[in-house]
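Single-structure report; data block below.
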Amino acid sequence: MAYTEINDNPKFVKPAKEQKLFNAITIHSEWDIDQGASDNAILKLRIAVTGSLTPLALTGITLDLSSVSALSDISRIHIYHTGKTAHSTIKSEIFGKGTIPSKKIVLSERNTPIRLSAGINYFLITADFSAKAAIGNKIKIDIPVFELNNRHYTPETTNSSIAPTITPNNYTDANIIKVLQWNIWHGGIHVGNNGINNIINLIKATHADIITMQEAYGSQLRIAESLNYFLSTASSNDNLAIYSRFPIAKHLPPYSTFNSNPVILTLPNSKKILVNACWLRYATNPEYTSLYPNKGSNTNLWIAKDSMSNLLDIHEIISKDTEPYLKDSNIPVIIGGDFNSCSHLDWTKAAIPLHFGYGPVAFPTSRYLLAKGYKDSFREKTPMK
């Protein structure tokens, strides 16, 4: 059996060197921002240095807010040093106790510079937002320059094409419900070394009221307890889970616990809503994708295979786990799931270049749901141009 042996041979010890900058990069958040949000993360500056002698120090930083839709949406900007991890709960605010926003903010710390440690160093930029921030306004802040030992450097950037926007605050507006759909893949074991913790932190960052989840596989109790949410799942090791900030009025019997997990929730205004976390079977042959070229495929075969798998599953979910509970009421329905298929609303003539020449494709599962009166939430928010 293999094991690790500590190498204490002094001939392998490298001599200490002067600390030097290796690289620096800005990482933008892509999460939308609630009206009235406090200390909301906007971007991170990650500075990597080598060596340990004569440590470098962050002595200044410049923020560019020229791409922010309205500076009045922001009340204050904060900068924190979070050490070696971007999500550290231990952080110290630097450059004062918050700065009033302007199109260009130049900050310096000559008297008490922030010393860097060997390896990775993270700095977090957050903002406080007005409760009257305009819905739909975009928030984009950049770091064009930072200073180490009073010397200017330009960081690399992730060049994210997604700018966070201001959204209604679902905690203060009872008419707003935020729903997150997520297949966490084998209980979250693939999401870094602290997979479940990372998932919990990401869920909290979304401020979702309801989460429909697939492949929970043993993580659901811990997630529910961390969120302090109500939980619906067939068993603690099952596939599907629903987490809700709102009470569960009724657990509905599913046609298959692996494919369907329907519940009725009671909203703050006492109205009821039916929510289902579902998982549909996938066609294994042929494979269709938009991530890489897959030439020579027959899209009619894609449709036929889906018709024998996920279309049959969604038909069972709608006919057995949904429609019987709608006969005597106008209760709204949210279906969140891993459909293991694509949407015909995405594979259109206009999108042919995105799918390596394929399209339009009349994927049957999305067409069935549309015919039943359901709306594609993504296409409602981002119509195909």
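The values are calculated or read from the model by the stated rules, or taken from the named source; none is laboratory data. Not measured: the values here are computed from a predicted model. Every residue, glycine among them, receives a Cβ derived from its backbone with ideal geometry; neighbour counts consider all protein chains shown. Only protein heavy atoms, including side chains, enter the accessible area calculation; ligands, DNA and RNA are left aside. Shrake-Rupley method; radii C 1.70, N 1.55, O 1.52, S 1.80 Å.
Cross-link partners for Lys84 among the lysines, with Cα-Cα distance under 17 Å and sequence neighbours closer than 8 places in the same chain left out: Lys20, Lys44. Across the chain, Cα-Cα distances exceeding 27 Å account for 62% of all pairs. Rounded to whole numbers, the Karplus 3J(HN,Hα) couplings from phi for the range 175-191 are 8, 10, 10, 9, 10, 10, 10, 8, 8, 8, 6, 6, x, x, 5, 9, 9 Hz, using 6.51 cos²θ - 1.76 cosθ + 1.60 with θ = phi - 60°, and x at Gly and Pro.
Loop by DSSP (not H, G, I, E, B), at most 11 other beta-carbon atoms within 10 Å: where is the longest site-free stretch of the chain for GluC sites (Glu not before Pro)? No qualifying site falls inside 31-286, the longest such stretch. When the trypsin sites (Lys or Arg not before Pro) in the range 79-122 are filtered for DSSP coil states and for at most 14 other beta-carbon atoms within 10 Å of their beta-carbon, the remaining sites are Lys84, Lys103, Arg110. Along the axis of the charge dipole computed for the range 18-136 (Cβ charges of +1 for Lys and Arg, -1 for Asp and Glu, origin at the Cα centre), the listed residues Leu71, Pro55, Ala86 are led at the positive end by Pro55. Set the Cα radius of gyration of the range 260-355 against 2.2 N^0.38 Å, with N its number of residues, and you get 1.36. Where does the range 14-83 land on the Kirkwood hydrodynamic radius, alpha-carbon pairs, in angstrom? Every distinct Cα pair counted, the radius reaches 15.1 Å. Accessible area per residue for the chain, computed on protein heavy atoms with a 1.4 Å probe, is 54 Å². The amide H of Ile184, built 1.01 Å from its N in the peptide plane, has Gln214 as neighbours under 5 Å, considering only residues 5 or more places off or on other chains.
Reported value for the range 110-180: 185 Å³ per residue, from the convex hull of its C-alpha atoms. Could you name the lysines whose alpha carbon sits less than 18 Å from that of Lys320, not counting residues in the same chain fewer than 8 places away? Cα-Cα hits under 18 Å: Lys250, Lys372. Heavy-atom surface analysis with a 1.4 Å probe gives the range 216-370 a carbon and sulfur content of 54 percent of its accessible area. Residues whose amide H lies under 5 Å from that of Gly337, counting only those 5 or more places away or on a different chain, are Cys278; hydrogens are built 1.01 Å from N in the peptide plane. Cα centroid separation, the range 182-258 to the range 305-382: 22 Å.
Computed on the range 192-316, the Cα convex hull volume stands at 147 Å³ per residue.
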